[in-house]
Amino acid sequence: MPLPQENRKYTYADYLSWPENERIEIIDGIPYHTYGGQITEGAPVMQAAPARVHQEISGEVFRQLANFLKDKSCKVYAAPFAVRLNADDSDDTVLEPDITVVCDKSKLDEKGCKGAPDVVVEILSPSTGRKDRMIKFQKYQQAGVREYWIVDPDTKTVQVCILEGGRYFTSVHADTDTAPVTVLPGCTINLYEVFAE
């Protein structure tokens with residue numbers, strides 16, 4: 001696999017050429033492990049699978065969203081699911097959120113989502129916290145993702161970011177709360193069930 005090379009920016013076209021079993025995101029042309037940090041020259045691309053708790057939280061949030069969206073026009077997708085924040089092959093940012101909700105079917109193709117999804121959920125891990133809280137936060141905000149959830153398994157909290165006037169406004173919900181999904185009227189997520197062990 002020709003990855004990575006110094007002084008090289010990568011695009012969605014490169015992403016399509018990589019093996020499907022390699023979980024890689026591209027942010028501003030720089031490749032990152034989906035569940036880890038930046039890929040550096042000569043480093044192996046292999047990465048650890050997400051932790052059990054990460055998968056349990058992801059599964060429960062997905063289950064609640066899927067149940068709400070049954071027979072509705074919006075669709076929910078679990079990772080791996082490619083989100084190209086710009087809708088052409090020259091895009092230098094391709095992300096794989098833990099959970100993605102898309103309501104505009106014209107943004108869907110056989111490879112994933114082209115353009116900003118309506119809702120994105122990222123579940124923090126020790127190796128992805130900075131990327132999810134800072135880098136992806138900025139990318140999702142700039143692209144116009146209407147609602148971004150950052151789920152923290154350690155503190156059992158969810159940071160809900162709602163896009164208003166091009167900026168995210170944030171509220172935090174604890175594991176005893178029922179959190180509304182603002183862009184899906186009537187949808188709430190029971191966080192007690194999300195964080196139950």
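The values are calculated or read from the model by the stated rules, or taken from the named source; none is laboratory data. Please read these numbers as outputs of a predicted model, since none were measured by experiment. Using ideal geometry, Cβ is built from the backbone for each residue, glycine included, and neighbour counts are taken over all protein chains shown.
Only residues that are modelled with pLDDT of 90 or more, surrounded by 18 or more Cβ atoms within 10 Å (Cβ to Cβ) and either hydrophobic (A, V, I, L, M, F, W, C) or not in a helix (DSSP H, G or I) (or both) were counted in segment 44-61, giving 2. Any chance segment 131-141 includes a residue that's surrounded by 13 or more Cβ atoms within 10 Å (Cβ to Cβ), out of contact with any Phe, Trp or Tyr (no Cβ under 7 Å at 6 or more places or on another chain) and more than 19 Å from residue 32 (Cα to Cα)? There is no residue in segment 131-141 that is surrounded by 13 or more Cβ atoms within 10 Å (Cβ to Cβ), out of contact with any Phe, Trp or Tyr (no Cβ under 7 Å at 6 or more places or on another chain) and more than 19 Å from residue 32 (Cα to Cα).
Restricting segment 89-136 to residues that are modelled with pLDDT of 95 or more and β-branched (Val, Ile, Thr) leaves a set whose member that is farthest from the chain's Cα centre (by Cα) is 102.
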